[in-house]
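Computed from the coordinates by the stated procedures, all read-outs in this text should not be read as laboratory data. A quick note: this is a predicted structure, and the numbers were derived from the prediction, not measured.
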């Protein structure tokens, strides 16, 4: 994460644990690997070493919106789930439904960062739930500020991939009404 400047662009220090991120197309994300928006269009299966008696928050965020050179919308969050019991993401509270990667044309590689935070207890979130058919309310998000607001501390696990524009992006933009 340091090599690709996820630290300090997104978080202050890299988490100790790893998040297993597997897409239906048979891809297991390795830190920093390059994927296409087509490959990551559907919500992945995500696992980490978790305590079944605790709750966790998962985020997927892009610090490079609209580009790494001009990240004026840093961060654009793609997925946010809280109150996950253990690592059973499907049983958590979806705050922002999953949206795959959609980097604009000619903006180079974007980093898509997955982070897991261990919660002290089950939380009541006051964020408006965001659907998967709109990009409204996703830009300008800061996972560090969110973590501070809910006293989540540092992330306990992480992973990330990189992607740039492909032919799926216009389809995604249409779905988002852009």
Checking 155, 63, 131 against a Gaussian network model of the chain (alpha-carbon springs below 10 Å), the top fluctuating residue turns out to be 131
Looks like segment 109-155, by Cα gyration tensor root eigenvalues a ≥ b ≥ c and the a/c under 1.5 rounded cutoff (else prolate when a/b is bigger than b/c, oblate otherwise), is oblate
Mean-square fluctuation maximum in Gaussian network of the chain, Cα pairs under 10 Å, restricted to 150, 112, 165, hits 150
Treating every alpha carbon of the chain as one equal point scatterer without solvent, the Debye formula yields log10 I(q)/I(0) values at q = 0.12 Å⁻¹ of -0.49
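So between residue 97 and residue 154, what do we pick up on full extension, going 0.36 nm a residue minus the alpha carbon distance?
Working: separation 57, 0.36 × 57 = 20.52 nm, distance 2.28 nm.
Extra length available between residue 97 and residue 154 comes to 18.2 nm.
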Across 125, 73, 160, the residue with the highest GNM fluctuation in the chain (Cα network, 10 Å cutoff) is 125
Per the C-alpha gyration tensor (a ≥ b ≥ c, the square roots of its eigenvalues), segment 1-51 is rounded if a/c is under 1.5, else prolate if a/b beats b/c, else oblate; here it's oblate
Contour minus Cα-Cα span, residue 122 to residue 7, at 0.36 nm per residue, comes to 38.6 nm
